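Below you'll find the structure, written out as C-alpha cells, and then a few comments.
The values are calculated or read from the model by the stated rules, or taken from the named source; none is laboratory data. Given the structure is predicted, the values throughout are model-derived calculations rather than measurements. Cβ placement follows ideal geometry from the backbone for every residue including glycine, while neighbour counts extend to all protein chains displayed.
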Amino acid sequence: MINLRYHIVSIVAVFLALGIGLALGSTFVDSFLVNELEDQVNEFGLEKALAIEEKLDAEEMVFEINTELDEIKAVVSKTLPEGKLDGSSWMILAPESLKNSEIFDLEMLLSRTSSEFYGFLWVNESLDLSDLKARNLVASELRLSSNSLAAVTKGLTFFIAKSLLDAENIEGVTGLGSEPIITQLLRAGLLTYQGSKESQIGNLDLGLLVVSDAANNALNQSLFLPLLKKIVDEGLAGSTVAIEMPTEGDLTDDFVKEVRSDPLLGSSVSTVNDSSSFMGQIVLLSSLENLPVVMHYDQKLFPDTVGSK
C-alpha cells in the first residue's frame, strides 16, 4: 500500500526533474542565441567593412572617371564650333537640287560658330551653260562681247569669284553700273538667294563653300570647277572649301575627286567628302579655321594636310 511519504517523494522528484530540465534547456538556448547573435554581429561588421572598401573604391573610380572626362572635354572643346571662325563670313553656293536637310545641317553648324552666315546662293536649273538661251541671258546681263561657252564661262566665273571673295576690288572693273553682279544674276532668275542679307552680297568679302554632288556632274564641269580655278587664278585661293553631298543617300567623292586630281586645285582648295559625319564636320570646321592651309578629308580619322598658300 502506497503511503503519503511515497507521494511526497514522487512529487518532489517530478518538480526536481522539471527544474533541472528547465535549467539545462535555458542554458542551451541562451548559449545558442548568444552564438547566433555574435555570428550575425561579426557578419554585419564584415559587410560594413566591405561596404566601406567598396565605397572608397567607387569614390576613387569616380575621381578617375572625372579626371578622364576633364581631359576628354579639353580635347573635344578644341573641336567644338563654339567660338570658332570669329570675325569670318561665309556663304554656301550649291545646285538648287540640293535643297535638303543635309545641306541645311551645314547652316546649323556654321550658326553655332562665331562667324556670320550670309545664306545660300542656289544655282537654278536655268543656268545651264550648254543651252544657248541661258548663255545669251548671261552674256546680256554681264555685257559680254560673245555668247560662246568659253566666253560666258570665263565671264561668269570671274564676276562670281570677284563679287563674293574680292568685293572691294571689283568696283570700276566691270563698267556694269553700281548694281552688284550677284543681284543682276538673281534678277535674271539664274541664281536664287536664301537668307536675310541679300543687300549686303557683293559689298563685302566672304568665304565660300561650294557644295555639290555626283548627280550635278554637268554643272560641276560647266560652272563649279571653272569657278574654283578662276578663284585660284585671281589669287583668292585659301577662302574656299569644296564639299561633296550624298546622292540619293549614297556618298561618293566624284566632285571632290575632280578637285583633288587637278594639280592646281588640289593644292589650293580644301575638300570634304563627308560633312554629315561627326568627324567630317570637325574637319570642315578645322578646314575653315585653318585656311589658307589646304586640307582634304577622305573618311579617315585624320585629314590630309596638303600645304598652305
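Below are the figures for this structure:
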quantity	calculated
Any hit, segment 127-141, residues being at pLDDT below 85, out of contact with any Leu (no Cβ under 6 Å at 6 or more places or on another chain) and either within 17 Å of A188 (Cβ to Cβ) or basic (K, R) (or both)	yes
Enumeration of residues in segment 142-155 that are under 18 Å from L191 (Cβ atoms) and not in a helix (DSSP H, G or I)	R143, L144
Hits in segment 216-235 - residues which are among the acidic types (D, E) and either crowded, with 19+ Cβ neighbours inside 10 Å or assigned to a helix (DSSP H, G or I) (or both)	D233
Residues located in segment 246-265, provided they are at pLDDT 85 or above and either surrounded by 18 or more Cβ atoms within 10 Å (Cβ to Cβ) or of a type in the set (V, I, T) (or both)	F255, V256, E258, V259, R260, L265
Pick from segment 129-141, criterion in a helix (DSSP H, G or I) and of a type in the set (A, V, I, L, M, F, W, C), ranking: surrounded by the fewest Cβ atoms within 10 Å (Cβ to Cβ)	L132
